[in-house]
C-alpha cells in the first residue's frame, strides 16, 4: 500500500454521460464512493462486518473539485491519501486521474464516521479497524497536504453581490 495509495480503477460508463457530452457531476461522486468502498474493505468494514458486528461508515461531509472533463469510456485511476483519523472519524482525500493520459480530473475530500447500525449513532472504531487505519496513517502521515484539501466555497468579497 503505497502513499498515496492507488486504490481503485474504473471506466466512465455510458449512463454517466450527461447532455453536455461529458461525465455528469453526480457520477463523479458515485465513482469516488466506489473507491471509498475499497478503503472500507481494506480496513475490515465489509458485508460480514456490517452484518455480524453491526458497524459501518457514514459520510458526514464532502467536497468534490472538478478539474478536467471526462468522456464516455475513459479509464479512471483513483488514489487515496489519509489526511487523518481519530477514534470515530476518517478524513480522506481521493484523486481521480484519467487512467491513460494521467491528468487529474477531480478530487474528493470526505469526513466520515464509524456508526453502530443498531443505534444509528457514531461509535469508536473496533480495535482491529483502528489498527488498520494506523497502518495506513504511518505511510500517509508525512505526505504533503493536498492544495485543494480543507477549502471552503466563497466568491471573492468584491464579487459576492451582482450589480
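Taken together, the values in this text are just the output of simple stated rules run on the coordinates, not laboratory data. Keep in mind the model is a prediction, meaning the values are calculated, not measured. Here Cβ is always computed from backbone atoms with ideal geometry, including for glycine, and neighbour counts include all displayed protein chains.
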Taking only C-alpha pairs under 8 Å that are 6+ residues apart, what is the relative contact order of the chain in percent?
25 percent
Under a plain spin-label model, where a point goes 7 Å from the Cα along Cα-to-Cβ, how far apart in nm are residue 120 and residue 134?
3.3 nm
What value does the chain have for Rg/Rh, both radii from Cα atoms and Rh as Kirkwood defines it?
1.01
Label-reachable residues, the stretch 91-112, where backbone N falls under 16 Å from a point 7 Å from residue 66's Cα toward its Cβ:
96-98, 104-109
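Tell me, 93, 27 in order of fewest to most beta-carbon neighbours within 10 Å? It would help to have the intermediate numbers written out before the result.
Numbers: 93 23, 27 17.
Going from sparsest to densest Cβ surroundings: 27, 93.
Using only DSSP helix segments of four residues or longer, with each worth -39500 (n - 2.57), what per-residue ellipticity at 222 nm results for the chain after dividing by its residue count and rounding to 500?
Details: 2 runs with 32 residues, N = 163.
Roughly -6500 deg cm²/dmol at 222 nm, from the helical runs in the chain.
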Using the count of nearby Cβ atoms within 10 Å as a rough guide to exposure, how do 145, 137 rank from fewest to most?
145, 137
Tilt of helix 25-42 relative to the longest C-alpha principal axis of the chain, in degrees (0 to 90, nearest 10)?
30 degrees
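For an R0 of 41 angstrom, estimate the FRET efficiency from the Cβ-Cβ distance between residue 102 and residue 53 and round to the nearest 0.05.
Numbers: r = 39 Å, r/R0 = 0.95.
Plugging the Cβ-Cβ distance into 1/(1 + (r/R0)^6) gives 0.60.
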Folded to 0 to 90 degrees: helix 127-140 orientation relative to the chain principal axis, Cα:
40 degrees
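Based only on other Cβ atoms within 10 Å, what is the fewest-to-most ordering of 34, 8?
Values: 34 14, 8 20.
Starting with the residue having the fewest Cβ neighbours, the order is 34, 8.
If the chain between residue 151 and residue 9 were fully stretched, how many nm would it gain, using 0.36 nm times the residue separation less the Cα-Cα distance?
Details: separation 142, 0.36 × 142 = 51.12 nm, distance 2.62 nm.
Gain on extension, residue 151 to residue 9, equals 48.5 nm.
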